[in-house]
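S.K.: Pasting in a structure now, in structure tokens, and then I'll have a few things to ask.
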Amino acid sequence: MMAAGRAAERGRWVLLLEKNNHLGNKLALTGGGRCNICNAEENKKLLLKNYGKAEKFLYSPFSQFGVDDTFNFFASHSLPLIIETNQRAFPKTEKATDVIRVLERYMRQNNVTVQINTEVRGFTVKEKQITGVMINGKTVFAESYILATGGKSHPETGSTGDGFHWLTELGHQVAEPTPTIVPLATQDQWIKKLAGTSLDDVKITFFAAGRKSFAIKGRILCTHFGISGPIILNSSAKVADLLHKGKVTANIDLFPQMDLGKLDKYITKIFDSNKNRSFKSVTKLFTPSGTNSAILSLLPQINPEKKIHSISKQERKQLVNLLKSLSVTITGLMGYERAVVVDGGLSIEEVDARTMRSRKHSNLYITGDLLHISRPSGGFSLQLCWTTGWIAGNNA
Ligand SMILES: Cc1cc2nc3c(=O)[nH]c(=O)nc-3n(C[C@H](O)[C@H](O)[C@H](O)COP(=O)(O)OP(=O)(O)OC[C@H]3O[C@@H](n4cnc5c(N)ncnc54)[C@H](O)[C@@H]3O)c2cc1C
């Protein structure tokens, strides 16, 4: 949409072909529906470090259309952005659908013709030039072609990897796509009971074959299949490595800001002022919202109806230990269907960074998730789309 809008703004006649009956199905899912539209890291050097081996490649593209341009673009289309923790930027309205609306309007204002329900089946090629795209038994001819078919994550949104297939057929080098930024599957019933609940400001420590590997702090989202949320998604590549080493477990610390002794004192104080209330009603005062009954189910030895004055010191310690170390067994990574980003794609060596043009086909431009550029979650993927889309449109 960005590429189409920009090419049309430059005076081209543009036709956008989309196989779904809506534009931006994946965009609508981003940031849990709020759309983490970009990362507002001001220092370009630091920002580009997030793109791993593509750091140098992206220098020119980000000089042409960087984070500032993303802010300006959306603000000038009446969608100002706000910045949250870790420099994650969102539309002020916190609605991904507003981002789609802006892009649709941008295309409409510049007279892009949008044809939905139209699946592209392949290309026709002559002497290193694309000569047409095939749709429903017909061929559409154009001067330039911008490929923006996305990767392979959440294939139900339309991104089924068609672009990877065509690029391979066209003689390009395409690294096998593998899910990277992806939630983790767990076997624990208590996690499943908490589906939809978010554990904020917690710490999770991962172990492989019983040995501590690494720890990370932030927000965890419990789901019916396991755990997700920014820190989990960004740990998934490391966890994938650990899974090769043996059984992977993790401990969630709900109170990382206090050590065991401090937490015990804190809870003792709460217990002292609520002696005649039931255990289950008092634990509710300090367990994260919505988690109380799941946490109590992990302490079957303590009757939840028991009055606080009858809770023994040993029982209180059991509770404190549990709050500092909720145990999770990781059974694996979720697949394409739940991945946020799939690694792999077109080798950037085969793309001209200044124009996004293929080095093998002089009228073909490639954007977004099709490019083999690894990055963490936090708005870096969509920024890559705005940047490469704008440049492809600008040059096509
Ligand atoms: C659940 C989820 C949450 C995410 N959240 C964020 C976030 O908050 N911030 C962030 O930066 N990134 C996020 N991402 C990543 C981000 O959504 C992608 O990087 C981005 O959408 C890629 O854009 P794209 O234009 O390359 O491809 P896509 O958005 O995948 O769009 C490709 C389009 O091409 C169409 N298409 C495919 N094949 C054909 C064909 N043969 N013929 C016609 N049309 C075709 C598809 O239907 C689709 O509409 C998230 C991803 C997921 C899955």
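S.K.: Is it fair to say Gly122 is buried (at least 19 other Cβ atoms within 10 Å of the Cβ), in contact (Cβ under 8 Å) with a residue 12 or more places away in the chain and at positive phi?
M.R.: no
S.K.: If you scan the range 369-395, which residues turn out to be more than 18 Å from Lys44 (Cβ to Cβ) and of a type in the set (D, E, K, R)?
M.R.: Residue satisfying the conditions is Asp369 alone.
S.K.: Here is a further query. Take the conditions assigned to a loop (DSSP other than H, G, I, E, B), more than 16 Å from the ligand (Cβ to nearest atom), modelled with pLDDT of 95 or more and within 26 Å of the chain's Cα centre (by Cα) and apply them to Pro256. Does it pass?
M.R.: It is true that Pro256 is assigned to a loop (DSSP other than H, G, I, E, B), more than 16 Å from the ligand (Cβ to nearest atom), modelled with pLDDT of 95 or more and within 26 Å of the chain's Cα centre (by Cα).
S.K.: Among the listed residues His361, His372, identify the single one that is open to solvent by 60 Å² or more (accessible area, probe 1.4 Å) and more than 12 Å from the ligand (Cβ to nearest atom).
M.R.: Just a single option satisfies the conditions, and that option is His372.
S.K.: Output yes when any residue across the range 335-346 is in contact with a strand residue (DSSP E or B) (Cβ under 7 Å, 6 or more places away or on another chain), over 30 Å from Ala250 (Cα atoms) and either assigned to a strand (DSSP E or B) or within 16 Å of the ligand (Cβ to nearest atom) (or both), and no when none is.
M.R.: Yes, there is a match, as at least one residue in the range 335-346 is in contact with a strand residue (DSSP E or B) (Cβ under 7 Å, 6 or more places away or on another chain), over 30 Å from Ala250 (Cα atoms) and either assigned to a strand (DSSP E or B) or within 16 Å of the ligand (Cβ to nearest atom) (or both).
S.K.: Which one is most open to solvent (accessible area, probe 1.4 Å) among residues in the range 1-49 that are closer than 16 Å to Thr387 by Cα and acidic (Asp, Glu)?
M.R.: In this case the residue turns out to be Glu42.
S.K.: Considering each residue of the range 49-74, count those that are out of contact with any strand residue (DSSP E or B) (no Cβ under 7 Å at 6 or more places or on another chain) and either over 22 Å from Leu371 (Cβ atoms) or charged (D, E, K, R) (or both), and give that number.
M.R.: Residues that pass the stated criteria total 7.
S.K.: From the list Thr355, Thr329, which one is more than 16 Å from the ligand (Cβ to nearest atom), at pLDDT 95 or above and in a loop (DSSP other than H, G, I, E, B)?
M.R.: Residue meeting the stated conditions: Thr355.
S.K.: Scan (1) more than 25 Å from Ala339 (Cα to Cα); (2) more than 10 Å from the ligand (Cβ to nearest atom); (3) polar (S, T, N, Q); (4) open to solvent by 40 Å² or more (accessible area, probe 1.4 Å) for the single condition Gln115 breaks and write down its number.
M.R.: For Gln115, the failing item is (2).
S.K.: Ser281 versus (1) over 29 Å from the mean Cα position of the chain (by Cα); (2) assigned to a loop (DSSP other than H, G, I, E, B): which is the lone unmet condition?
M.R.: Answer for Ser281: the failing condition is (2).
S.K.: Glu104 fails exactly one of the following numbered conditions: (1) in a helix (DSSP H, G or I); (2) away from the ligand (no atom under 15 Å from the Cβ). What is the number of that condition?
M.R.: Of the numbered conditions (1) in a helix (DSSP H, G or I); (2) away from the ligand (no atom under 15 Å from the Cβ), the odd one out for Glu104 is (2).
S.K.: Would you pick out the residues in the range 336-358 that are touching a Pro at 6+ places or on another chain (Cβ under 9 Å), surrounded by 16 or more Cβ atoms within 10 Å (Cβ to Cβ) and not β-branched (Val, Ile, Thr)?
M.R.: Here is the first cut: in the range 336-358, the ones touching a Pro at 6+ places or on another chain (Cβ under 9 Å) are 336-345, 353-354, 356.
Next cut, surrounded by 16 or more Cβ atoms within 10 Å (Cβ to Cβ) only: 336, 338-345, 353, 356.
Tyr336, Arg338, Ala339, Asp343, Gly344, Gly345, Ala353, Met356, listed by residue number.
The values are calculated or read from the model by the stated rules, or taken from the named source; none is laboratory data. Everything quoted here is computed from the prediction, not taken from an experiment. We place every Cβ from the backbone using ideal geometry, glycine too, and count neighbours over all the protein chains shown. These accessible areas exclude ligands, DNA and RNA; they are computed on the full protein's heavy atoms, side chains included. Shrake-Rupley method; radii C 1.70, N 1.55, O 1.52, S 1.80 Å.
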